[in-house]
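Heads up, the thing below is written out as structure tokens.
The values are calculated or read from the model by the stated rules, or taken from the named source; none is laboratory data. The shown structure was predicted, so the numbers you read here are calculated from the model rather than taken from an experiment. Every residue, glycine among them, receives a Cβ derived from its backbone with ideal geometry; neighbour counts consider all protein chains shown. Just so you know, the surface numbers come from the protein's heavy atoms only, side chains and all, with ligands and any DNA or RNA stripped out. Shrake-Rupley method; radii C 1.70, N 1.55, O 1.52, S 1.80 Å.
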Amino acid sequence: MEHLKKTCESCQKCALGATRTNLVFGTGNPNADLMFVGEAPGEQEDLSGVPFVGRAGQLLDKFLYAVDIERKDVYIANILKCRPPKNRDPLPEEEEACIGYLREQVRLIRPKIIVCLGRISAMKLIKPDFKITKEHGQWFEKGNFLMTAVYHPAALLRDPRKKEDMLEDMKKIKEKLDEWKDLD
Ligand code: URA
């Protein structure tokens, strides 16, 4: 993982390599059973090099706490490792340039459950026509792991009515994780 991080740190495969302050590689337990994948770093993440530390990240922390999951036990990464200017959506060519690094992270971590944070991540990792309003919280079997998507925490900041669904989805994720632990 350290070797992969070093490779990413010098990456200039897309234009974002020239504008980043810091690479946001990913953090957490490299042997995690549960992995979260967001969209792309925002301003605070670009400044600190750590994913989900801004307002959206602090809200994510609250939901993790609410279902008794510790941030240090999970792994958190993004589709893109560098911040797009003004937090615009990732461009297809940026996703293509970067996705191989995420694939390698997944291969090394071998999580049991991958949770997409938001529509962009779900469209890239689960299926291109993923509808977050309809399909959040549903399970999809992919290869050796289960996948699901929840609302992006930034969407919850914009529309707090979605928080109820988020809590239900997070509870289901915790239940599924505990089922796996019982089998181990
Ligand atoms: N939003 C994301 O999708 N990822 C981050 O790391 C921060 C905000």
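Once the range 89-100 is narrowed to residues that are under 17 Å from Leu117 (Cβ atoms) and in a loop (DSSP other than H, G, I, E, B), the residue that is least open to solvent (accessible area, probe 1.4 Å) is Pro90.
Of the helices (runs of 4 or more DSSP H) lying entirely inside the range 1-77, those containing at least 2 residues that are modelled with pLDDT of 95 or more and near the ligand (Cβ under 9 Å from one of its atoms) are 43-48, 55-66. On the basis of being of a type in the set (A, V, I, L, M), open to solvent by 30 Å² or more (accessible area, probe 1.4 Å) and within 13 Å of the ligand (Cβ to nearest atom), does Leu157 make the cut? Judged against the criteria, Leu157 is a match.
Counting the residues of the range 29-58 that are of a type in the set (A, V, I, L, M) and either free of Cβ contacts under 8 Å to residues at least 40 places away in the same chain or surrounded by fewer than 18 Cβ atoms within 10 Å (Cβ to Cβ) (or both) gives 3.
Close Cβ contacts (under 6 Å, 6 or more residues apart or on different chains) running from residues in the range 1-16 that are farther than 15 Å from Arg83 by Cα to residues that are of a type outside the set (Ser, Thr, Tyr) comprise Met1/Pro30; Met1/Leu108; Leu4/Glu104; Lys5/Phe25. Close contacts from the range 60-87, counting a first residue that is of a type in the set (Ser, Thr, Tyr) and a second that is open to solvent by 70 Å² or more (accessible area, probe 1.4 Å), with Cβ to Cβ under 6 Å and a gap of 6+ residues or different chains, come to none at all. Candidates in the range 136-154 are the residues that are in a loop (DSSP other than H, G, I, E, B) and within 16 Å of the ligand (Cβ to nearest atom); of these, the one that is farthest from Leu60 (Cα to Cα) is His136. With respect to the conditions (1) surrounded by fewer than 15 Cβ atoms within 10 Å (Cβ to Cβ); (2) assigned to a strand (DSSP E or B), Thr133 lacks only one, and its number is (2). Gly143 falls short on exactly one of the conditions (1) at pLDDT below 95; (2) closer than 23 Å to Cys8 by Cα, and that condition is (2). Could you go through the range 117-126 and let me know if any residue there is touching a His at 6+ places or on another chain (Cβ under 6 Å) and open to solvent by less than 80 Å² (accessible area, probe 1.4 Å). Yes; the residues of the range 117-126 include at least one that is touching a His at 6+ places or on another chain (Cβ under 6 Å) and open to solvent by less than 80 Å² (accessible area, probe 1.4 Å).
Residues checked against (1) touching a Ser or Thr at 6+ places or on another chain (Cβ under 7 Å); (2) under 18 Å from Gly38 (Cβ atoms):
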site: Tyr101; (1), (2): no, yes
site: Pro111; (1), (2): no, yes
site: Met123; (1), (2): no, yes
site: Trp139; (1), (2): yes, no
site: Thr148; (1), (2): no, yes
site: Lys162; (1), (2): no, yes
site: Lys181; (1), (2): no, no
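In the range 10-25, the residue that is nearest to Asp89 (Cα to Cα) out of those that are surrounded by 14 or more Cβ atoms within 10 Å (Cβ to Cβ) and more than 18 Å from the chain's Cα centre (by Cα) is Leu16.
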